[in-house]
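Asks: I'd like to ask some things about the structure below.
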Amino acid sequence: MGIMDRGRIRTSTIRNAQQGRPGRPPVRLRYLLLLLISVGLFYATRPPDEPPGIQGSSQSSTVIQPGLQTVVPKPMVSDPVVSEFRIKRGDTFYGILKDLGIDDDSIMALASKRLDGVSLSRLVAGKTYRVISRNDEAVEYQYEPDETRIIRVTFDEDYPAVSIEAIPYTTKLVTISGTIEDSLFRAVSDIGEEPMLAMDLSEVFAWQIDFFRDLRKGDSFRVLVEKIYRDGEFVRYGRILSTQFINSGNRYMAFLFQPKNGRSDYFDEEGGSLRKQFLKTPLKFRRISSGFSRRRRHPVTGKVVPHMGVDYVAPIGTPIRAIGDGKIVMKKKDSVNGRIIKIRHNSTYSSAYAHMNSFASGMANGVRVKQGQIIGYLGRSGRVTGPHLHFTMYRNNRYVDPRAVNVPRASSVPKRDMEAYLKLIDDRMAVLANGELEAGLRTKD
Ligand SMILES: [Zn+2]
């Protein structure tokens, strides 16, 4: 970040200057900038038509709806203006409220508050907050700590008032069907649905169908799924209750069912589990030295960077096993990862194994490996402080905590639940076959 950018911070063009900028200044520099900005704002006379709060928060916020951000001339009476921002790493509750013109004492009092177990000062990067302003003055700050609750801080009294409320959602059950032309994503978007449905559907059948390679033109699907709305607007999909996928003439079915003493899971028409299980770890004997974390100080560089995997410490030469059946999609050596192998297990999951001392014989791109097969030996190749295995898992090409993937072993529907399960199948099969739901439920087809 250069001097030019620093100069721009105090002008209203900052938002455009920051949009599209790929990087982000280092945290310490950002604090320095914040300090400069606050000092600057303190001494500078604000141009008459600039809203104090909104302008001030621009240096730390991404604008989601730029149209709402434009500076409007001061009318005598104005409608509330809602501005949405995204929390960035380094943003603080203090900084945001300070930028809205709230005094230190009030901010401190608010920051120490906990509502329903939620601390007001705890912000999560990536989440949205909203500022409602009237006559260029912030009258309300809203933050949603999770998908179910909203925190409101209102500023129209002498001191801020704060509350936490449930976000009202409505759920509709719909059946959706489609036919594959070339991809599941396109089939889903052709019928006016969101890509997320394709993701969800491909996860249900992750072990049965490779959605990137096995699909044929004319394959088809039917899904009974919850759609969740907020204020009449679609927000996201809920659970897929049942689904049928016809792939190259083979019919696959999945029913979501919760056995009496078990967890909710997908089962086939016979009550068998659709989910196969990965090995819990790629090493038989090991110690975890560093877990999955989105924020960790790197032992070599000292920088705080996410650690998107799990480090297992074990002696050099300890065998490393593939956690599941799959195909080797990468085998290479580089200065960071050392000797690394990446295995694609299905269209949803992949895993990678870094810093190996040596590869097992026969390992090569395109080779198929079995669950438990030795693919290499633990080592200290690449950028490391000592011998360890850096193990990574990916779900839909994104890092995922391996421990979050390895849910308890999948089993069939227990005998005592079979009657209930078969009844559920009958009902849902009828719904899927007809594309019609019981009275009272809305359909879409
Ligand atoms: Zn690591």
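Asks: Work out the charge dipole of the range 205-359 with +1 on the Cβ of Lys and Arg and -1 on the Cβ of Asp and Glu about the Cα centre, then indicate which of Phe245, Leu224, Ile341 is farthest towards its positive end.
Replies: Ile341
Asks: Shifting gears a bit: If you project the alpha carbons of the range 287-405 onto their three principal axes, what span does each projection cover, largest first, in Å?
Replies: 38, 29, 24
Asks: Is the range 170-275 rounded, prolate or oblate when judged by the Cα gyration tensor, a ≥ b ≥ c being the square roots of its eigenvalues, rounded requiring a/c under 1.5 and prolate requiring a/b larger than b/c? Working shown, then result.
Replies: Numbers: a/c = 2.13, a/b = 1.03, b/c = 2.08.
Since a/c reaches 1.5 but b/c is at least a/b, the shape of the range 170-275 is classed as oblate.
Asks: For the ranges 415-425, 161-171, 191-201, 384-394, what's the packing order if you count other beta-carbon atoms within 10 Å of each residue, average per peptide, and put the highest first?
Replies: Values: 415-425: 14.3, 161-171: 12.4, 191-201: 16.9, 384-394: 19.9.
By packing density, highest mean first, the sequence is 384-394, 191-201, 415-425, 161-171.
Asks: Right, next: Sort 221-229, 397-405 for me by packing, meaning the mean count of neighbouring Cβ atoms within 10 Å per residue, highest on top.
Replies: Numbers: 221-229: 19.2, 397-405: 14.1.
With the highest mean Cβ count within 10 Å placed first, the list reads 221-229, 397-405.
Asks: Could you tell me how far the Cα centroid of the range 322-388 sits from the Cα centroid of the range 215-259, in Å?
Replies: Taking the Cα centre of the range 322-388 as reference, the centre of the range 215-259 is 34 Å away.
Asks: Going down the table (Lys227/Lys415; Lys227/Lys342; Lys284/Lys342), which pairs top 30 Å between alpha carbons? Don't jump to the answer; show the numbers that get you there.
Replies: Values: Lys227/Lys415 32 Å; Lys227/Lys342 36 Å; Lys284/Lys342 19 Å.
The answer is Lys227/Lys415; Lys227/Lys342.
No lab work stands behind these numbers, since they all come straight from the coordinates. Since we're looking at a predicted model, the values are computed, not measured. Heads up, the Cβs are rebuilt from the backbone with ideal geometry, glycines too, and the neighbour counts pull from every protein chain shown.
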